[in-house]
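The structure appears below as structure tokens.
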Ligand SMILES: Cc1cc2nc3c(=O)[nH]c(=O)nc-3n(C[C@H](O)[C@H](O)[C@H](O)COP(=O)(O)O)c2cc1C
């Protein structure tokens with residue numbers, strides 16, 4: 001069964017570009033082996049990650065991620081069976097919102113901290129932001145592929 005998990009967490013410290021790149025390239029190659037796809041957004045303070053793939057693979061990886069000391073205060077926004085993948089081409093598309101021209105990091109921090117009526121509302125807001133960021137993610141992924 002195909003399964004999707006979306007969570008937010010707080011980073012233990014502000015990641016440098018090099019740290020984020022290391023995390024992202026290791027994640028992408030491991031996810032490719034596990035046939036897991038998704039997105040990781042980073043604001044300098046919060047992560048928001050979408051993991052999608054086989055139920056068992058996603059759960060095993062997710063439990064490893066939860067015990068990673070590079071982040072804490074992890075909140076699952078949603079975990080649900082999914083008929084399709086949202087990001088079938090991205091083994092892990094990583095977006096550093098600090099590099100965004102329109103300073104979306106602030107908006108993103110609000111999404112992560114604001115109390116929404118339901119966690120799904122928070123996930124939907126975050127997904128709207130992802131949609132707006134898609135072009136940037138594509139560019140990031142293309143430059144990762146070229147590297
Ligand atoms: C925010 C965040 C997201 C991560 N996402 C992934 C991921 O998508 N895939 C992955 O293999 N590791 C990811 N990791 C790294 C894992 O937590 C862990 O380091 C990795 O699975 C290797 O585990 P190991 O060091 O026990 O071998 C992530 C870590 C953090 C902090």
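Derivation of every value follows stated rules applied to the coordinates shown; laboratory data play no part. Here the structure is a predicted model, which is why all the values come from computation and not from measurement. Cβ sites come from the backbone with ideal geometry, for glycine too, and all protein chains shown count toward neighbours.
Annotations
- Label point distance in nm, residue 63-residue 75, each placed 7 Å from Cα along Cα→Cβ: 2.5
- Separation of alpha-carbon centers, segment 5-23 and segment 48-89, rounded to whole Å: 14
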